[in-house]
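Comments concern the structure below.
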Amino acid sequence: MIYEHSRTGRRATAQTNPEMDKLSDIPDALLRKRPAGLPEVSEMQAVRHYTRLSQKNFSIDTHFYPLGSCTMKYNPRACNSLASLPGFLSRHPLAPDTHSQGFMACMYDLQEILKHVTGMHDVSLSPAAGAQGEFAGVAMIRAYHDARGDTARSEILVPDAAHGTNPASAVMCGYKAREIPTGRDGDIDLDALKQALGPQTAGIMLTNPSTVGVFERRIKEIAGLVHEAGGLLYYDGANLNAILGKVRPGDMGFDVIHMNLHKTFSTPHGGGGPGAGPVGVSQRLAPYLPVPMVDYDGTDYIWLTEKERPESIGRLSAFAGNAGVLLRAYVYARLLGREGMHRVAEFSSLNANYLLKRLMEVGFDAAYPERRASHEFILTLKKQAKELGVNTMDFAKRMLDYGVHAPTTYFPLLVPECLLVEPTETEAKEDLDSFVEIMQTIKQEAETQPDLVKQAPHTMPVRRLDDVRAARELDLAWKSDS
Amino acid sequence: MSDTPKELRYAKSHEWLRDEGDGTATIGISEHAQELLGDLVFVDLPEVGTKVEAGGDCAVVESVKAASDVYSPVTGEVIEVNESLDDAPETINEDAFGNGWMFKVKLDDATELDSLLDADAYDALVAEEDH
């Protein structure tokens, strides 16, 4: 904690005269009576403290990070440096349109690129994160039914493998979430879907490839069934990386999609944001898109607001979402081009399938062995847990010792003792092979010296944390001893 | 040899139910369910007086691995909840079929009990899912 370095009266610039502080011309009445309780450290101490912390970081810049369902791919530095050009950075969001034409041109182009790559009729960039994109998507489904006077629809269907945000977004928009089971082969249980569909169905939320890492093969049939029942199809863009430019959600029959630019379009990821979760829609939902959007009248780029789009579900944030994140995605898309996007899909799938096959060869069990992986796949360590008493969490912790961030563990919930592995297209074959070797080593350790694995990690700044106690006895706020 | 109590009934979603014989029933989650979830850290119980539907979610159990809905096996009204779980969710891990009970329901329709599984059928279900 930086507070532990704090000494009363210490300043960043240690040798300046403290009397200087008294030269303030702020009236006494406006000054706080008690100091704010900020850490008092020198600049050197602050730099060292945060540099040390950053060195403890396990990140994509330093380690293989195959976190399934998260698409932790490498973010090209160019995206960051171009989005940080002074013209972008110093543009005020209230600057007149005539002073913002460059930025607006980028946003317009990004809307167009996302339309093309998803096959949707129209796109709005304004949702500030994936979850807000989901909320916007379901709100548009609601607006569509309401506008038609079709107000008895009360349910959103969600597969049991779905991300937890899906049912949460449905509930936030006033719907009841109803779960549809997944079949043994990883596809949706079609009979259960048929039984669940009816006049109460507002829509279905799907991820394709699904959260179990396989492509939903009967998507056309599902789309037909849902549309026939009067419902709409929502596409969660979590796994868009696998099909980027290859298969388009619009062509599969989806009516609404949200995209996670931090996954597929290589913008900053994790740490709670800032994010960007643009939404795309089919023609019949276009009037409801959140504002503002950018249009081009042949001469100028202009903002479309509530005035031009009166049926919009409204605004989700001040101004146009997270401009800097959208710019990074725009640069990324332009760097790749159409062919590059195809290669993203091809190599992310190739890497996942190569890794899956090799891990199966060295004795790991796939959750869906008969299926081809999409850009990610699930292993189940059920056998190891049962026979050796070494579970998925033990494997995950031991990987840290070997310099690998663990894949996603215990998600999706329907596969016991699972690891959801997503190597992404940015990893080289040597790095994939090295991961296989590490997994093989840990497997041998689990067989011969299980305690070594069960007590891992051994080389990290902190050892195995008591996550049960941490959750039961929540202690989140730092308090001074004095 | 199974430890699944013979006197209880079971739902496919891994809840158990004890028919108290007076039009009420006590409900919890099975030993198998607690084992899959691992160490529980939080239990969200329904409020007394809540109407529950058979198959409807009415409580949440959360472990370090996962948060999972608990479904009521029967339709009725919640008449009592096991408040000691608020401070000691681990009771479910320690004694799922006993002190780890979650809530009691006044049954709307006692014949609903007939559609639940007996211990043998539940064991077969667990074996099948484990396969």
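Quick rundown of the values:
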read-out: Looking only at the stretch A:412-461, and only at residues there that are under 21 Å from A:K382 (Cβ atoms) and β-branched (V, I, T), the one that is surrounded by the fewest Cβ atoms within 10 Å (Cβ to Cβ); value: A:T448
read-out: Filter result (free of Cβ contacts under 8 Å to residues at least 60 places away in the same chain and over 25 Å from A:F254 (Cα atoms)) within the stretch A:279-307; value: A:D297, A:G298, A:T299, A:T305, A:E306, A:K307
read-out: Looking only at the stretch A:2-42, and only at residues there that are charged (D, E, K, R) and closer than 22 Å to A:S480 by Cβ, the one that is surrounded by the most Cβ atoms within 10 Å (Cβ to Cβ); value: A:E40
read-out: Qualifying positions in the stretch A:95-126 - crowded, with 22+ Cβ neighbours inside 10 Å and either more than 16 Å from A:L327 (Cα to Cα) or among the β-branched types (V, I, T) (or both); value: A:V117, A:T118, A:M120, A:V123
read-out: Within the stretch A:182-212, tally of residues that are over 29 Å from A:L244 (Cβ atoms) and within 14 Å of chain B (Cβ to nearest Cβ); value: 3
read-out: All positions within the stretch A:440-475 that are within 14 Å of chain B (Cβ to nearest Cβ) and either among the hydrophobic types (A, V, I, L, M, F, W, C) or in a loop (DSSP other than H, G, I, E, B) (or both); value: A:R464, A:L465, A:D466, A:V468, A:A470, A:A471, A:E473, A:L474, A:D475
read-out: Residue in the stretch B:94-108 that is exposed (fewer than 14 other Cβ atoms within 10 Å of the Cβ), out of contact with any Lys or Arg (no Cβ under 6 Å at 6 or more places or on another chain) and without any contact (Cβ under 8 Å) to a residue 12 or more places away in the chain present; value: yes
read-out: Residue in the stretch A:409-416 that is of a type in the set (S, T, Y) and on the phi > 0 side of the Ramachandran plot present; value: yes
read-out: Selected residue [away from chain A (no Cβ under 14 Å) and under 19 Å from A:A471 (Cβ atoms)] from B:G100, B:G49; value: B:G100
read-out: Within the stretch A:50-133, helices (runs of 4 or more DSSP H) holding 3 or more residues that are of a type in the set (A, V, I, L, M, F, W, C) and closer than 30 Å to A:M172 by Cα; value: A:101-118
read-out: Residue match in the stretch A:393-415 (condition: over 20 Å from the mean Cα position of the chain (by Cα) and within 25 Å of A:D189 (Cα to Cα)); value: yes
read-out: Residue that is farthest from A:L359 (Cα to Cα), among those in the stretch A:414-430 that are within 14 Å of chain B (Cβ to nearest Cβ), without any contact (Cβ under 8 Å) to a residue 60 or more places away in the chain and in a loop (DSSP other than H, G, I, E, B); value: A:P416
read-out: Verdict on A:L316 being under 22 Å from A:A170 (Cα atoms), outside the structural domain of A:R372 (by TED's automatic domain parsing) and buried (at least 18 other Cβ atoms within 10 Å of the Cβ); value: yes
read-out: Any pair with Cβ under 8 angstrom, 6 or more apart, that starts in the stretch A:192-218 at a residue that is closer than 12 Å to A:R153 by Cβ and ends at one that is hydroxyl-bearing (S, T, Y) and surrounded by fewer than 18 Cβ atoms within 10 Å (Cβ to Cβ); value: A:Q200/A:S154; A:A202/A:S154
read-out: Some residue of the stretch A:303-310 being within 29 Å of A:R148 (Cβ to Cβ), surrounded by 14 or more Cβ atoms within 10 Å (Cβ to Cβ) and acidic (D, E); value: no
read-out: Residue check for B:S13: surrounded by fewer than 18 Cβ atoms within 10 Å (Cβ to Cβ), within 30 Å of A:D394 (Cβ to Cβ) and either under 12 Å from the mean Cα position of the chain (by Cα) or in contact (Cβ under 8 Å) with a residue 60 or more places away in the chain (or both); value: yes
read-out: Whichever residue in the stretch B:52-72 is more than 12 Å from B:Q34 (Cα to Cα) and away from chain A (no Cβ under 12 Å) and, among such residues, is surrounded by the fewest Cβ atoms within 10 Å (Cβ to Cβ); value: B:A54
read-out: Sole residue being in contact (Cβ under 8 Å) with a residue 40 or more places away in the chain, surrounded by 20 or more Cβ atoms within 10 Å (Cβ to Cβ), under 21 Å from the mean Cα position of the chain (by Cα) and under 30 Å from A:V421 (Cβ atoms), chosen from A:A129, A:A139; value: A:A129
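Okay, residues lined up against (1) crowded, with 22+ Cβ neighbours inside 10 Å; (2) within 13 Å of chain B (Cβ to nearest Cβ); (3) closer than 21 Å to A:K73 by Cα; (4) at pLDDT 95 or above:
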site	(1), (2), (3), (4)
A:G363	no, no, no, yes
A:E376	yes, no, yes, yes
A:T380	no, yes, no, yes
A:K386	no, yes, no, no
A:F395	yes, no, no, yes
A:Y402	no, no, yes, yes
A:P407	yes, no, yes, yes
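The values are calculated or read from the model by the stated rules, or taken from the named source; none is laboratory data. From a predicted model like this one, the values you see are computed outputs, not experimental measurements. Ideal geometry is used to build each Cβ from the backbone, glycine not excepted, and the neighbour counts take in all protein chains shown.
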